[in-house]
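Here the structure comes first, spelled out in structure tokens, and everything after it is commentary.
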Amino acid sequence: MTGDNGRKGSALHEVIEGIDFARRELLGKQRGIGLLELVRDEKGDYRCYACTLCQRTCPVDCIQVDYCPEFPEQPFDAEAARAAALATGPGASCGAVSACVSGEKPAQFAPEVDLKRLDPVIAGIRTGSGLVEALHATQEAYGYLPRVALESIAEEMHIPLSRVYGVASFYAQFRLQPVGKYVIDVCMGTACHVAGAPLVVEAFSQELEIPVGGTTPDGLFTLQTVNCVGACALAPVVRIGNEDTYGRVGPTEARRLVRKLRKQEAAR
Amino acid sequence: MSGAKRNAAIDAALQAALDKSAYLADDTKKEIRICAGTACHASGRVALREAAETALTKRGLTETVRIVETGCHGFCQQGPIVVIRPQGIFYPRLKPEDMEEVVETSIVGSGVVERLLYRHPQTGDPIALEKDIPFYALQKRIVLNLNGKIDPYSIDDYLAHGGYSALARVLKQADPLAVIDEIEQSGLRGRGGAGFPTGRKWRSCRANPGEKHYIVCNADEGDPGAFMDRSVLEGNPHSVVEGMIIAAYAIGADNGPVEGYVYVRHEYPFAVQRLRRALEQARERGLLGKNILDSGFDFDIRINQGAGAFVCGESTALTLSIEGQRGMPRGKHIRTVAHGLWGQPTNLNNVETYASVPWIINNGAEAFAAIGTATSKGTKIFSLTGKVMNGGLIEVPMGTTLREVIFGIGGGMLPGREFKAVQLGGPSGGCLPASLLDEPIDFESLVAAGSMMGSGGMVVVDDTTCMVDFAKFFLRFTAEESCGKCVPCRVGTTRMLEILERISSGEASLEEVDLLEKLAAEVVEGSLCALGGSAPNPVLSALRYFRDELLAHVVERRCPAGVCRPLIRYVIDEAACTGCRACVAACPSGAITGERKQPHQINPELCIKCDACRQACRYDAVRVETGILEPAGPAAAGGRRK
């Protein structure tokens, strides 16, 4: 910051000149300096983990980590996006990072959303309930967090949808997709793990033909894992809905449980 | 108000609360106590309650004999548990159809139904009384004392057993600093894992200026395999409430307004329900809210539910979560006691810490400090699970050895199995091998051994658990739960997991084992919070104590415990197979063939290694073989250290 002659104090002139140069050469021409792009590694995999830190840090709120742009009801699925990116290979450049870049929209169970059921939640916000509380109440009403409900909450709380979405996607308990009639929670706590819970999850997954986190197209079953329900003495533990807890479930019992429920449903 | 007048007012207020419950203090009344903890609930306590009601109605005893649905008794392996008072007769794994006989013999009469009693695991002798069962006899229950005795929905039960007397004592003393001194002298340290001295925390929170002081209870018990806090909240919620009010008084009295929060896991619906009820009842009796016990002190508690994020057990993440944000920890150069919830001084303690407070006030700091070791005082609750005979919730003095817990209280390993390791501290802790079984349990010894106290999860594993698979389990957990703020934790744990995957599929080289160790050190170094800082611990402890087993995967490409799928194969022992076709029926992929009464075969092409056949076989004829791949060539041996 000193001039050619090394005297202190002469730097001010240079700083002013520098600012002037920046104004003339860079900002004066066009405000945007480049296009925001997600960088891939040498294998073609996106480096982005969709952690939303950039969104939170950005001083002018110009970044939004959000729903899939092509299918507005579908939450952004970082894992699927990465898989899709890998499938397209390095060099291919797709502007929108979509969970569906390489495939059809998957068959999905999508019930109607009745916004009336959101009224108590909105009333709760007006009396001072926080965002996490509001999301819990919403999930209780719908079984998941529909996009329209999140939009109403964002509007009511005067915060951007992306912030509501950011909180909703951060916590494992919140579901952005509708769930089936029977939500099967397989406990993946330590005691259940050593007692063979992974084999139980796999059995459910094969019997229902859905991955963990998925819902059967008929809207009957959703398969999830939970970290620990605290009934370790009965490991491996499976919970169906909020009430029914089954202890000491092996792969065979798991399949039997599904068949039993299917039979029950068919009889109705 | 003068001192004497105030004391009289406090006494009168407590007496008024007590009057309503005085009838319960009578200890000779007959009671059927049914455990309503989560494990007993899952084992069928609802049907048991109905059976008890029917049996009492039949004999017209509904008015005189009370049915109490208590919190967790701790002996979850034996659920559903029924205890008959006043004798204290213990009936484990009781079936509804046997309830009638129990009522006839033990309530109407005063005998015991011998065939239904618990039997000593070694001698096989029946044991009638709860207190004589080795599982209970070897424990020291301070925090859990009233668990299993009182109805968690009833404040009367708690009051009748001396509840809220510690609060009255503190209010009468009217010296908040003396409370802090008492807690400091007791040597109580945070039960959530880190072991920070509670008294010192209270003192610095009080000293920090702010518009409001916050008292927060951390009930976000995220460690898989740990359920101490849940059991305390479910069994005796008032003890936590009382502890929090005392903390609020110590920190907030004559120091500006003070407000409380309990941050509890959403996965614990019973705990939330009972805590909510407890808060309502405490408010009704004037024990919470404005002008507590007529002392002029105001304090109220709100419940805030988490939403399934392990990292929210971390103090800074927890406060952000209460504020309605993503729970991402920040640096700890500014402590929560100075700048916590809503930017105000905040005292954050765990459930068990608060629940210890009333006992200390009632019995004095010396009594508490007399229990335990030089640096770790008092008792600690553990949830003992895994491959032990007697799993459940236990409370022991600090300094008890692991052997006493696992082989004394826990009753040792399942028949025919050998102890391999005990995992403490959840995903942040480590596995300790048999050679360390005589280590005393206290904060310092466990850290020195490469594990940690953690919140109190204690999972025992036997020779059927593969330590690589076990480390993988914990690492997958932390990789998923990493909030993503610090790159070393977010990316590092994922990369470590990938290496472990390769090890467990026999594809890794020895260089990768070295890389794993280096990465572990980087993750510890480069993470802001305790989640990242301790995430590599399970891997490091596996490398430290079970290196041979890990290297067997790499060099010999076999899994000694027969767990890692790419390295194992299921075969039928033709000599042992009776041809009963049970495995054929169990096999979901149609891989097993064979005629009735002829030895069956497994087609390895079709086998998905799901273990269903082995579990279905009654003759131990399905075996797991390992060492099915060629041992690694010289390339793998390249990176071997020293």
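The values are calculated or read from the model by the stated rules, or taken from the named source; none is laboratory data. As the structure is a computational prediction, the values presented were derived from the model and not from experiment. Reconstructed Cβ throughout: ideal geometry from the backbone, glycine too, with neighbour counts over all protein chains shown.
Summary of values
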read-out: Residues being more than 14 Å from chain A (Cβ to nearest Cβ), in contact with an Asp or Glu (Cβ under 7 Å, 6 or more places away or on another chain) and more than 18 Å from B:Leu446 (Cα to Cα) - total across the stretch B:364-405; value: 1
read-out: The stretch B:250-274: number of residues that are surrounded by fewer than 24 Cβ atoms within 10 Å (Cβ to Cβ) and in a helix (DSSP H, G or I); value: 5
read-out: The lone exception for B:Pro440 - which of (1) surrounded by 21 or more Cβ atoms within 10 Å (Cβ to Cβ); (2) under 21 Å from B:Gly425 (Cα atoms) it fails; value: (1)
read-out: Every residue from the stretch B:36-62 that is out of contact with any helix residue (DSSP H, G or I) (no Cβ under 7 Å at 6 or more places or on another chain), small (Gly, Ala, Ser), more than 14 Å from B:Leu94 (Cβ to Cβ) and surrounded by 14 or more Cβ atoms within 10 Å (Cβ to Cβ); value: none
read-out: Answer residue from the stretch B:294-322, given it is facing another protein chain (nearest Cβ under 7 Å) and assigned to a loop (DSSP other than H, G, I, E, B) and is farthest from the chain's Cα centre (by Cα) among those; value: B:Ala307
read-out: Options B:Glu53, B:Glu97: the member that is touching a residue at least 24 places away in the same chain (Cβ under 8 Å), out of contact with any Leu (no Cβ under 8 Å at 6 or more places or on another chain) and acidic (Asp, Glu); value: B:Glu97
read-out: Of the criteria (1) outside any loop (DSSP other than H, G, I, E, B); (2) under 21 Å from B:Gln325 (Cα atoms), which one B:Gly484 fails; value: (1)
read-out: Residue in the stretch A:233-240 that is over 20 Å from B:Glu267 (Cβ atoms), among the basic types (Lys, Arg) and more than 8 Å from chain B (Cβ to nearest Cβ) present; value: no
read-out: Candidates B:Tyr136, B:Tyr153 - the one that is over 20 Å from B:Ser383 (Cα atoms), hydroxyl-bearing (Ser, Thr, Tyr) and under 27 Å from the mean Cα position of the chain (by Cα); value: B:Tyr153
read-out: Odd one out for B:Ser435, checked against (1) modelled with pLDDT of 90 or more; (2) within 13 Å of another protein chain (Cβ to nearest Cβ); value: (2)
read-out: Filter result (within 25 Å of the chain's Cα centre (by Cα), outside any helix (DSSP H, G or I) and small (Gly, Ala, Ser)) within the stretch B:323-355; value: B:Gly327
read-out: Qualifying positions in the stretch B:249-283 - within 30 Å of A:Val238 (Cβ to Cβ) and free of Cβ contacts under 8 Å to residues at least 40 places away in the same chain; value: B:Pro269, B:Val272, B:Gln273, B:Arg276
read-out: Residue list for the stretch B:220-273, restricted to those being within 14 Å of chain A (Cβ to nearest Cβ) and charged (D, E, K, R); value: B:Asp220, B:Glu221, B:Asp223, B:Asp229, B:Arg230, B:Glu234, B:Glu259, B:Arg265, B:Glu267
read-out: So A:Glu243, is it of a type in the set (Asp, Glu) and away from chain B (no Cβ under 11 Å); value: no
read-out: Residue check for B:Ser505: under 30 Å from the mean Cα position of the chain (by Cα) and modelled with pLDDT under 95; value: no
read-out: Members of the stretch A:185-220 found to be farther than 21 Å from B:Ser589 by Cβ and either of a type in the set (A, V, I, L, M) or crowded, with 23+ Cβ neighbours inside 10 Å (or both), listed by number; value: A:Cys187, A:Met188, A:Gly189, A:Thr190, A:Ala191, A:Cys192, A:His193, A:Val194, A:Ala195, A:Thr215, A:Leu220
read-out: Residues (of a type outside the set (Val, Ile, Thr), within 12 Å of chain B (Cβ to nearest Cβ), crowded, with 19+ Cβ neighbours inside 10 Å and over 19 Å from A:Leu53 (Cα atoms)) located in the stretch A:145-172; value: A:Leu145
read-out: Helices (runs of 4 or more DSSP H) enclosed by the stretch B:107-217 - at least 3 residues per element that are modelled with pLDDT of 90 or more and buried (at least 17 other Cβ atoms within 10 Å of the Cβ); value: B:165-173, B:176-186, B:198-207
read-out: Tally, over the stretch A:193-220, of residues that are of a type in the set (S, T, N, Q) and within 14 Å of another protein chain (Cβ to nearest Cβ); value: 2
read-out: Qualifying residues in the stretch A:227-268 (those that are at positive phi and of a type in the set (Gly, Ala, Ser)) - the one modelled with the highest pLDDT; value: A:Gly241
read-out: Failed criterion for B:Ser482 (all others in (1) surrounded by 24 or more Cβ atoms within 10 Å (Cβ to Cβ); (2) more than 12 Å from chain A (Cβ to nearest Cβ); (3) among the small types (Gly, Ala, Ser) hold); value: (2)
read-out: Boolean, A:Arg255 is under 28 Å from A:His136 (Cα atoms), at the interface with chain B (Cβ under 9 Å from one of its Cβ atoms) and either touching a residue at least 24 places away in the same chain (Cβ under 8 Å) or part of a strand (DSSP E or B) (or both); value: no
read-out: Residue, nearest to B:Phe546 (Cα to Cα), within the stretch B:440-476, restricted to residues that are within 14 Å of chain A (Cβ to nearest Cβ), part of a strand (DSSP E or B) and of a type outside the set (A, V, I, L, M, F, W, C); value: B:Asp462
read-out: Flag if A:Ala168 is within 16 Å of B:Gly308 (Cα to Cα) and part of a loop (DSSP other than H, G, I, E, B); value: no
read-out: Filter result (surrounded by fewer than 24 Cβ atoms within 10 Å (Cβ to Cβ), within 14 Å of chain A (Cβ to nearest Cβ) and of a type outside the set (Gly, Ala, Ser)) within the stretch B:323-340; value: B:Glu323, B:Gln325, B:Pro329, B:Arg330
read-out: Cβ-Cβ under 6 Å pairs, at least 6 apart or on other chains, the stretch B:430-446 side farther than 14 Å from B:Lys377 by Cα, far side among the hydroxyl-bearing types (Ser, Thr, Tyr); value: B:Gly430/B:Ser451; B:Gly430/B:Ser541; B:Cys431/B:Ser541; B:Leu432/B:Ser451; B:Pro433/B:Tyr545; B:Asp438/B:Thr401; B:Glu439/B:Ser445
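One line per residue, one yes/no per condition, for (1) of a type in the set (A, V, I, L, M, F, W, C); (2) under 15 Å from the mean Cα position of the chain (by Cα); (3) in a loop (DSSP other than H, G, I, E, B):
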| position | (1), (2), (3) |
| --- | --- |
| A:Glu140 | no, no, no |
| A:Tyr144 | no, yes, yes |
| A:Ala154 | yes, no, no |
| A:Val164 | yes, yes, no |
| A:Ala172 | yes, yes, yes |
| A:Pro178 | no, yes, yes |
